[in-house]
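Here is the structure we will look at.
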Amino acid sequence: MNDRKQPIYITTPIYYVNDKPHIGHAYTTIVADYLTRACRVLGRPAFFLTGTDEHGARIAQVAAEHGVTPQTWCDEHAEHFRRTWERLDIAYDHFIRTTDDRHTNGVSRMLERMRAATGPDGQPVIYEGVYEGLYCLGCEKFITEKELVDGMCPAHLTPPQRLTERNYFFRLSAFLPQVEDLIRRDAIRILPDERKREVLGLFKQGLDDFSISREKVDWGVPLPFDPSQNAYVWVDALPNYITSIGYADDRDHFARWWTNGHVVHLMAKDILKFHAVFWPAMLLAIGEETPDVIFIHGYFTVNGQKMSKSLGNVIDPHALVDVFGPDGARHLLLTQFQLGQDGDVKAQEFVRQFNADLANDLGNLVSRAVTMIERHFDGRKPPSGGLEEADRSLREAAQSAAAAFAEAVAQYSPNSGIAAGLDLARATNRYFDRTQPWALAKTGQTERLGTVLATAAEAIRVAAIILSPDLPGKARAILKTLGFTDPESELTPEGLYGWDRCPGPFRPDGSLFPRHDKRKPQAQEKPVSHEQAEKPGPPTENVVSIDEFARLQLRTAEVVAADRVAGADRLLKLEIAIGTERRQIVAGIAAHYAPEDLVGKTIIVVANLKPATIRGVQSHGMLLAASDGDTLRLVTLDGPLPSGASIG
Ligand code: MSP
C-alpha cells in the first residue's frame with residue numbers, strides 16, 4: 001500500500017569505500033534527499049538512510065595496496081562520503097557504516113535466524129557445499145563462464161579469480177516462486193516498468209542458489225555458527241536497510257519504518273538483481289516484510305563514456321558545488337534526465353541551464369517582486385484590493401502547481417515536481433508582463449499595485465515551497481526575503497496549499513542566484529531588448545563574438561494557436577509552447593502565412609527578449625524567418641524535435 005500519509009522509508013545503496021564519491025553516487029543520494037524532503041513538505045513522515053559498504057576482499061586489497069589497515073582506510077573514505085553529502089546539503093537521518101557494531105550485531109542476528117529457518121519446501125534454508133567457479137573482485141560477485149567477454153568480466157575488464165571453497169549456501173530456489181509472484185503482482189513494485197520486465201526475465205533464465213560466506217576473506221562479519229567463515233559482502237551489505245532502523249535492537253522503531261512503513265530502495269541498474277531477487281528471498285527466509293518499491297534510476301555517462309578514473313572523466317560533486325553552490329549542483333544533477341532514463345551528462349550545458357532556470361526564471365522574479373515591494377510599500381506587506389481575473393488565475397496556477405507537486409512525489413518523479421515549481425515561477429513572470437506593476441507604480445495606482453505585488457509574492461512563496469526539496473538553501477532564503485523568520489515552519493501542507501501568508505517585511509537578497517558567465521563570473525546580465533535585437537549595428541560591429549551570440553537564447557517552439565491582429569494587416573498573434581511554457585508573440589508575417597497554416601508548426605524563436613507591446617498586443621519573443629525580396633519563409637527544423645529545445 002502507498003497511502004500518502006503512511007510513513008515512508010527511503011534508502012540509497014551503501015557505497016563502496018574503495019573510491020571517492022562521484023556524481024553517480026551523488027545523483028542517487030540527491031534523489032533520495034529530494035523525495036524525503038518532498039514527503040515532509042506534504043506532511044508525510046519520512047526516514048532517509050544512506051551509508052557506506054566497508055567489508056569484503058576488494059576493500060581489504062585496496063587498503064593493503066596503500067599500506068594501511070582496512071579500518072583506517074574505511075574511516076577515511078567513509079568521511080569523504082559524509083563530507084560530500086554535507087556540502088550538497090543532504091539531510092540523511094542515519095549514516096550506516098557496515099563496520100558499526102550495531103550493523104555487525106544485526107547481521108549476526110539475521111544469520112542465526114536464517115540458519116534456523118526452513119524454506120517453503122520444509123528444507124533448511126542454509127546448507128554447506130563447495131563452491132567451484134569464478135569470482136570477480138571488482139563486482140564482489142560470483143560470475144559464470146557465460147557472462148565473460150573474452151575471458152574478462154565485462155564490467156571491469158579484468159579476468160575473474162578461480163575459486164574452490166567450502167561455503168555455506170542460501171537455498172534461493174526454494175523462494176523463487178514466491179519472489180516472482182510478489183514482483184509480478186507489484187507487491188514488490190519494480191520501477192520503471194522495463195526494469196520489472198528485466199527482472200521477470202531473470203526468473204525465466206533460472207537463478208542458482210548463492211553462497212553466503214567466504215572462507216578466505218578476513219575483512220568481514222564472522223558467521224555466528226562457523227566463525228572460520230565470514231559473511232559474503234552482499235549478505236553483509238543488504239541487511240543494512242534493516243539493521244540501521246533497529247532490526248536487532250529496537251523493534252518499535254523497526255516496526256514503524258519497515259514493517260508498517262512504505263519502503264523505497266533507490267539505486268541504478270547495476271545492482272538490481274541483488275535487490276530484486278536475493279534481498280526479498282533473504283527477508284522471506286527470516287520472516288520479515290519485503291520492500292514495497294525498488295526504483296531504478298538511470299546510469300550517467302560523461303561525453304558518451306562510462307565514468308572512470310582511468311578515462312579521467314569523473315565529475316567530482318565538490319567541483320560542481322564550488323561553481324554552482326549546493327542548490328545549483330543539486331538542481332543540475334536532478335534535472336539532467338527523467339528519473340529512470342540513462343543519459344549523458346552534458347557539463348557544458350550546466351551554465352546555460354543554471355542561468356535559464358535559476359538566475360532568470362526564479363532569481364529575477366524574486367528580486368523584481370521584492371524590490372518593488374520595498375520601494376513602493378517600504379517593505380511592508382502590500383495592502384490587497386479587489387481581485388481581477390489575472391490575479392485569480394495566478395492563484396489557481398499556484399494551487400494546480402501544488403497538486404502537480406504532490407502527484408509527482410507520489411510517482412517518485414523529482415523532475416515533474418521541479419517542473420511544477422519552475423512553471424509557477426514562469427507563470428508569475430507572465431503575470432507581471434500582463435499586469436505591468438511598473439506602469440501601475442508610474443501612474444500612481446497604488447491599490448492595484450499592492451494587489452499585484454501581494455499576489456505575486458504569494459505565488460513566489462508557493463513556488464519556493466515546491467522547489468524546497470530541490471533547492472533547500474535557496475528556498476529558505478527566498479522565504480526569508482518574504483519575511484519568514486523561521487522558513488522551515490512554512491514547509492508544510494498549510495504553507496503549500498495556503499494563501500495570503502507572507503508576513504513581510506520584504507527585503508531583497510542580492511546573492512540569491514548570481515548569474516554565471518564564463519567570461520565574467522557572476523556578472524549580472526540583462527535580457528536583450530527587442531530594440532537591440534532589431535536594430536542592425538553599424539558595419540564595423542557586424543562581427544559577433546561567440547559569447548555575444550550565446551546571449552541569445554534560441555529555442556524551438558510549437559505554434560499552438562494563431563490569429564490576426566485587429567487593425568494591423570501585417571501582424572499575426574501566435575500562442576506558442578516552449579517546453580512547458582506558454583507565450584504570446586506578435587510577428588509581421590500576415591502577408592506570407594495564413595493563421596491556420598501555422599498551427600502545429602515547430603518554429604525557432606529568440607526566447608530571452610524583453611516583452612514588448614506591439615500595436616497594443618503583448619509580445620514575448622521573436623520568431624526567425626528568412627526573406628528575399630518579397631518572399632519570406634519561416635526558419636524550421638529538418639526533423640522533429642520537441643518544443644523548448646535549445647539551438648546553438
Ligand atoms: N556497495 C554496493 C551496494 C550495496 S547496497 C546494499 C555498491 N556500491 S557502489 O558504490 O558501486 O554504488 C553503486 C550505486 O551508485 C548505483 O546503484 C547507483 O546508485 C550509484 N551510481 C554509481 N555510478 C553511477 C552512475 N554512473 N550513474 C548513476 N548512478 C550511479 O554497488
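The values are calculated or read from the model by the stated rules, or taken from the named source; none is laboratory data. Computed from a prediction, not measured in an experiment: that's the story for all the values here. Because the Cβ atoms are built from the backbone with ideal geometry, glycine has one as well, and the counts that use them run over all protein chains shown. Just so you know, the surface numbers come from the protein's heavy atoms only, side chains and all, with ligands and any DNA or RNA stripped out. Shrake-Rupley method; radii C 1.70, N 1.55, O 1.52, S 1.80 Å.
Two numbers describe the Cα atoms of region 561-648: Rg and Dmax, which are 12.6, 36 Å. Residues whose amide H comes within less than 5 Å of that of Thr301, counting only those at least five positions distant or on another chain, are Gly343, Asp344, Val345 (H built at 1.01 Å from N in the peptide plane). For a paramagnetic label modelled on Ala187 (point 7 Å from Cα along Cα→Cβ), amide N atoms under 14 Å away belong, within region 114-148, to 120. Rounded to the nearest Hz, the phi-derived 3J(HN,Hα) couplings of region 618-627 under the Karplus curve 6.51 cos²θ - 1.76 cosθ + 1.60 (θ = phi - 60°) are 5, 9, 10, x, 9, 8, 9, 9, 10, 9, where x marks glycine and proline. Here region 25-170 has an Rg and Dmax of 19.5, 54 Å, counting Cα atoms alone.
Find me the longest stretch of the chain that has none of the exposed GluC sites (Glu not before Pro), where exposed means in a DSSP loop (not H, G, I, E or B) with at most 14 other Cβ atoms within 10 Å.
Values: sites that count: Glu388, Glu525.
With a cap of 14 other Cβ atoms within 10 Å, the longest stretch comes to 1-387.
Remark: region 335-453 carries a charge dipole of roughly 480 debye about the Cα centre, counting +1 on each Lys and Arg Cβ and -1 on each Asp and Glu Cβ. Could you tell me how many degrees, from 0 to 90 and to the nearest 10, lie between the Cα long axis of helix 101-116 and the main elongation axis, the longest principal axis, of the Cα atoms of the chain? That helix lies at roughly 60 degrees to the long axis.
Considering only the Cα atoms of region 1-87, their convex hull presents on average a projected area of 6.6 nm².
One quarter of the convex hull surface, Cα atoms only: what value does that give for region 98-211 in nm²? Present the calculation step by step, with values, prior to reporting the outcome.
Details: hull surface 37.1 nm².
About 9.3 nm², averaged over all directions.
Can you check what the Kirkwood hydrodynamic radius comes to for region 298-444, Cα pairs only, in Å to one decimal? It would help to have the intermediate numbers written out before the result.
Numbers: mean 1/r = 0.0555 Å⁻¹.
About 18.0 Å for region 298-444.
Checking the a/c ratio against 1.5 first, then a/b against b/c, what shape does the Cα gyration tensor give for region 443-522?
Details: a/c = 2.20, a/b = 1.18, b/c = 1.87.
Here region 443-522 falls in the oblate category.
For region 454-514, the Cβ-based charge dipole about the Cα centre amounts to some 180 debye (Lys, Arg positive; Asp, Glu negative; other atoms uncharged).
Summing charges over all other residues whose Cβ lies under 12 Å from the Cβ of Gly133, with Lys and Arg as +1 and Asp and Glu as -1, gives -2.
What Kirkwood hydrodynamic radius, in Å, does region 431-478 give when the mean of 1/r is taken over all pairs of distinct Cα atoms and then inverted? Intermediate results must be reported in sequence, preceding the final value.
On the way: mean 1/r = 0.0847 Å⁻¹.
Computed over Cα pairs of region 431-478, the Kirkwood hydrodynamic radius comes out at 11.8 Å.
Taking the Cβ of Ser413 as the centre, find all other residues whose Cβ is under 13 Å away and add up their charges (Lys, Arg: +1; Asp, Glu: -1). Don't skip to the end; give the middle numbers.
Values: positive: none; negative: Glu407, Asp470.
Local charge sum for Ser413: -2.
Shown are Arg426, Arg615, Arg330, whose ranking by accessible area with a 1.4 Å probe and every protein chain present, most to least, is Arg615, Arg426, Arg330.
With respect to the cross-link table entries Lys146/Lys196; Lys346/Lys474; Lys269/Lys346; Lys216/Lys309, which display a Cα-Cα separation exceeding 27 Å?
Values: Lys146/Lys196 23 Å; Lys346/Lys474 24 Å; Lys269/Lys346 21 Å; Lys216/Lys309 29 Å.
The answer is Lys216/Lys309.
Taken over region 385-521, the ratio of Cα radius of gyration to 2.2 N^0.38 Å equals 1.08.
Could you compute the FRET efficiency for Ile647 and Ala255, with r as their C-beta to C-beta distance and R0 at 56 Å, rounded to 0.05?
Details: r = 55 Å, r/R0 = 0.99.
For Ile647 and Ala255, the calculated efficiency is 0.50.
With axes computed from alpha carbons, what is the tilt in degrees of helix 365-377 against the longest principal axis of the chain, rounded to the nearest 10 within 0 to 90? Approximately 50 degrees, to the nearest ten. Once all protein chains are placed together, Leu200 keeps about 20 Å² accessible to a 1.4 angstrom probe.
Rounded to the nearest 500, what is the chain's calculated 222 nm mean residue ellipticity when only DSSP H runs of at least 4 contribute -39500 (n - 2.57) each, over all residues?
On the way: 22 runs with 241 residues, N = 648.
Computed ellipticity for the chain at 222 nm equals -11000 deg cm²/dmol.
Seen against the Cα atoms of the chain and their longest principal axis, helix 472-481 is set at about 40 degrees. Farthest toward the positive end of the dipole of the chain, out of Leu496, Leu394, Tyr16, is the Cα of Leu394, where the dipole comes from beta carbon charges about the Cα centre. Dividing the radius of gyration of the alpha carbons in region 291-349 by their Kirkwood radius gives 1.01 for Rg/Rh. What the pair-distance distribution of the chain shows, using all Cα-Cα distances binned every 20 Å from zero, is 17, 44, 28, 11, 1 percent. Kirkwood's formula applied to the C-alpha pairs of region 143-258 gives a hydrodynamic radius of 17.2 angstrom. Phi angles across region 140-146 convert, under the Karplus curve 6.51 cos²θ - 1.76 cosθ + 1.60 with θ = phi - 60°, into 3J(HN,Hα) values of 6, 8, 6, 9, 9, 3, 4 Hz, Gly and Pro given as x.
Which net charge results when you count Lys and Arg as +1 and Asp and Glu as -1 among the other residues whose beta-carbon is under 13 Å from that of Asp33? Around Asp33, the charge tally is -1.
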